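All remarks here apply to the structure that follows.
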Amino acid sequence: MAEMTMVQAIRAALDEALADDPRVMVFGEDVGALGGVFRATDGLLAKYGESRVVDMPLAEASIVGAALGLAVSGMRPVAEIQFLGFAHQAFHQVGQQVARMRFRSQGRCAVPLVLRAAFGGGVRTPELHSDAFEAFYAHSPGLKVVMPATAYDAKGLLAAAIDDPDPVLFCEPLRGYRLVKDDVPDEPYRVPFGALRVARDGSDVTLVAWSAAVQLAERAADALAADGISAEVIDLRTLVPLDVDGLSRAVARTGRCVVVHEAPLTGGFGAEIVATLVESVFYDLHAPIQRVASPDAPYPLAGVEEFYLPSVDDVVRAARRTLAAA
Amino acid sequence: MVSDEDVLAALRLMKLSRAFDSKGASLQRQGKFGTFSQVGGQEASVVGSAWALDPARDWIVPQYRELPALLRHGYPLAHFIRYFQGNPAGGAIPDGVRMMPIQISIAAQLPQAVGLAWGLRLQRQDAVVLVYFGDGASSEGDFHEACNLAGLVRAPVVFFLQNNGWAISTPRRKQSAGATLAERASAYGFPGEQVNGNDLFAVYAATAKAVARARAGEGPTLIESLTHRVGPHNTADDPTRYVDPADVERWRAADPIARVERYLCERDPAHRARIDAFEPEIADEIERALVDASSGAGVHAGQVYEHVYADPPARLRRQRDAHARGDR
């Protein structure tokens with residue numbers, strides 16, 4: 001057991017997978033000598049050689065398309081998309097091809113592959129790097145969408161993603177890469193998909209989040225606790241599969257819910273959470289469910305991102321609204 | 001493709017393809033078949049290229065106008081029929097048949113074929129991947145990305161570009177200002193050549209050379225097979241709006257099937273009787289495939305939920321079960 005940052009935990013999972021299974025390949029833009037722009041693949045080229053850790057030409061669609069073909073050939077590709085914002089240039093390969101290849105071939109051409117992508121804001125990246133586009137992918141049946149919030153989960157969920165027989169989009173929060181640190185076992189382990197994590201116990205209101213928004217919700221819970229409000233924080237871990245039962249049980253218990261995400265409000269995955277809860281626990285609710293999200297505006301330049309992203313205060317206010325309701 | 005027996009077998013497949021074009025179009029007009037794309041005019045291009053592959057080790061990554069190549073590779077005609085009847089079961093590829101599903105999204109199969117070829121090579125399998133696409137697909141970014149990657153990793157892949165002159169209604173001259181499409185290969189570091197796509201032997205020879213090159217570890221080849229799409233793009237298309245009837249007559253005169261028949265009968269007049277016997281055999285084969293395709297379970301609601309994931313998530317299982325109860 002050692003304290004690790006999220007990026008170290010991701011590297012550990014990749015290292016274990018490469019060591020365990022000769023079919024595993026890691027490839028993407030700048031993953032070799034540089035070790036990835038965030039160093040998630042640091043040292044792997046030296047350890048495993050250039051047939052298993054491959055610098056790819058700068059072309060997202062062929063990174064994803066080739067990953068699909070490699071998976072059909074029997075390899076276990078783990079491709080890095082440098083920033084999820086750039087995955088638009090591969091979206092046809094992800095949403096239309098990877099996600100439905102099993103379905104279209106009636107099971108013959110399964111594509112067990114992992115697309116790792118850094119995403120999200122808060123680190124003053126240049127334009128078009130920071131978007132939280134997870135909802136596009138959650139809306140692409142056949143794909144699984146994994147959103148770790150802790151270093152422990154990053155390692156265990158990535159190991160599970162590499163084992164998974166289906167394609168997985170694994171989103172890594174830019175903000176969490178070095179900021180998030182927690183204890184990570186040295187030995188291999190898996191964190192199962194579709195089982196949410198209670199990041200913090202609480203009884204008055206449930207804050208639902210994923211990825212970097214979990215830490216935001218936890219800070220909001222701290223602020224609420226100072227006022228005697230007990231906020232539960234739920235980390236969904238995976239959007240697909242979604243832990244509908246765990247989510248419903250949690251919100252039924254408190255009767256109040258705030259969903260927090262970085263993506264713009266309209267069509268964000270928060271809408272899916274709210275709709276799900278309205279179907280499952282409407283009569284247990286004491287107040288309308290609130291959403292805290294970015295505005296329906298494009299991700300802006302770095303100088304104004306603090307005005308764009310949801311803040312701790314936004315979450316606190318939303319939680320208070322649920323408590324103020326009669 | 002040296003013996004007359006081989007050529008006869010290739011001709012039979014070309015004629016089966018032509019016969020199925022008519023049958024499929026007729027069924028489509030009766031509402032018994034979905035929109036589909038006929039091969040008509042491109043039989044030498046498709047069959048000659050497929051003939052250069054070894055179905056026991058090589059892979060085909062198709063587009064959607066290569067029926068006889070798929071049949072030679074082992075994909076059952078009944079599956080093809082089911083697919084175009086709208087039955088998802090038609091998408092099933094029998095184990096041991098080395099092909100990826102029919103591709104509808106233009107050019108998306110190209111980087112996939114490169115990844116497949118690359119992966120087979122990494123696993124030291126003696127396999128070559130042949131990927132079909134058209135002149136329209138050569139304008140897509142996926143074509144260029146795929147060629148670029150294939151050259152870099154020396155993937156054992158043959159890019160088989162069927163330049164039939166048309167992308168639906170858009171003529172070749174509106175796809176690219178380049179003099180040829182084959183010449184693009186040089187920019188990616190591998191050979192490209194044009195071949196007369198209506199000449200079965202020329203197509204076979206060019207493809208066999210590319211396959212041998214790939215098998216020897218020398219990397220990809222781009223073949224631009226110049227042919228004619230004599231019919232419509234598909235059964236929903238109306239080429240009278242954009243094709244000059246005089247051109248259609250010229251294309252018909254270059255019919256690749258008649259050409260092979262002439263060759264065989266000049267070599268040995270006795271082949272005529274063999275060739276004539278193909279027709280009833282083929283009609284019978286198609287009828288049997290149609291019967292096969294309509295046997296079995298037929299379509300059912302459960303198919304909507306099958307093969308989405310290896311193991312359906314709880315939410316999808318609930319949707320499926322609710323549907324089965326009539327309580328969606």
For region A:197-324, what mean projected area does the convex hull of the alpha carbons give, in nm²?
-> 7.3 nm²
Extension reserve of the B:D327-B:E281 stretch, reckoned as 0.36 nm per residue once the Cα distance is removed | 11.7 nm
Angle between the Cα long axis of helix A:60-73 and the longest principal axis of chain A, 0 to 90 degrees, nearest 10?
-> 70 degrees
Relative to the longest principal axis of the C-alpha atoms of chain A, give the angle of the C-alpha long axis of helix A:244-254, reported between 0 and 90° and rounded to the nearest 10°.
-> 20 degrees
Placing each pseudo-label 7 Å from Cα in the direction of the beta carbon, B:E266 and A:V304 end up separated by a distance in nanometres of 7.5 nm
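Going by a ≥ b ≥ c, the root eigenvalues of the Cα gyration tensor, does region B:153-263 fall in the rounded group (a/c under 1.5), the prolate group (a/b larger than b/c) or the oblate group?
On the way: a/c = 2.64, a/b = 1.55, b/c = 1.71.
Cα axes put region B:153-263 in the oblate bin.
Suppose a student asked you for the relative contact order of chain B, using Cα pairs under 8 Å spaced at least 6 residues apart; what percent would you report? Walk me through the intermediate numbers first.
On the way: 544 pairs, mean separation 69.3, N = 328.
Worked out over chain B, it gives 21 percent.
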How many angstrom separate the Cα center of region B:176-225 from the Cα center of region A:240-305?
-> 54 Å
Based on the alpha-carbon gyration tensor of chain B, what equivalent-ellipsoid semi-axes (square roots of 5 times the eigenvalues) come out, in whole Å, largest first?
-> 31, 27, 21
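Shape call for region B:61-208 from the C-alpha gyration tensor, a ≥ b ≥ c root eigenvalues: rounded (a/c under 1.5), prolate (a/b greater than b/c) or oblate? Display every interim value, and only then the final one.
Working: a/c = 1.65, a/b = 1.22, b/c = 1.35.
Oblate.
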With each pseudo-label sitting 7 Å past Cα toward Cβ, what's the A:R249-B:E249 distance in nm, one decimal?
-> 7.9 nm
Pulled fully out, how much extra length does the chain show between A:L34 and A:L265, if you take 0.36 nm times their separation in residues and subtract their Cα-Cα distance?
-> 79.6 nm
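Does the protein assembly as shown classify as rounded, prolate or oblate by the C-alpha gyration tensor (a ≥ b ≥ c root eigenvalues; a/c under 1.5 gives rounded; else a/b over b/c gives prolate, otherwise oblate)? Before the final figure, lay out the partial values.
Numbers: a/c = 2.49, a/b = 1.92, b/c = 1.29.
Note, shape of the protein assembly as shown comes out prolate.
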Which residue, A:T150, A:T206, A:T266, has the most motion in a Gaussian network model of chain A that connects Cα atoms within less than 10 Å?
-> A:T266
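Using r as the Cβ-Cβ distance of B:H300 and A:D296, and R0 as 35 Å, what FRET efficiency do you calculate, to the nearest 0.05? Spell out each step's value before the answer.
Details: r = 41 Å, r/R0 = 1.18.
The formula returns an efficiency of 0.25 here.
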Rounded Å value of the spacing that divides the Cα centres of region B:282-328 and region A:185-229 | 41 Å
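Counting helices only, and only those DSSP H runs with n ≥ 4, report the 222 nm mean residue ellipticity of chain A as the sum of -39,500 (n - 2.57) divided by its residues, in deg cm²/dmol to the nearest 500.
Values: 12 runs with 116 residues, N = 326.
Mean residue ellipticity at 222 nm (helix-derived): -10500 deg cm²/dmol.
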How far is the Cα center of region A:4-47 from the Cα center of region B:78-136, in Å?
-> 30 Å
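R0 = 25 Å: FRET efficiency of B:D238 with B:Q30, Cβ-based, nearest 0.05? Provide the component values of the computation, followed by the final result.
Values: r = 19 Å, r/R0 = 0.75.
Between B:D238 and B:Q30 the formula returns 0.85.
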Chain B: calculated mean residue ellipticity at 222 nm from DSSP helix runs of at least 4, using -39500 (n - 2.57) | -14500 deg cm²/dmol
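None of the figures in this text is laboratory data; all of them are computed from the coordinates on show. Source: prediction; values computed, not measured. Glycine gets a Cβ as well: all are built from the backbone with ideal geometry, and neighbour counts include every protein chain shown.
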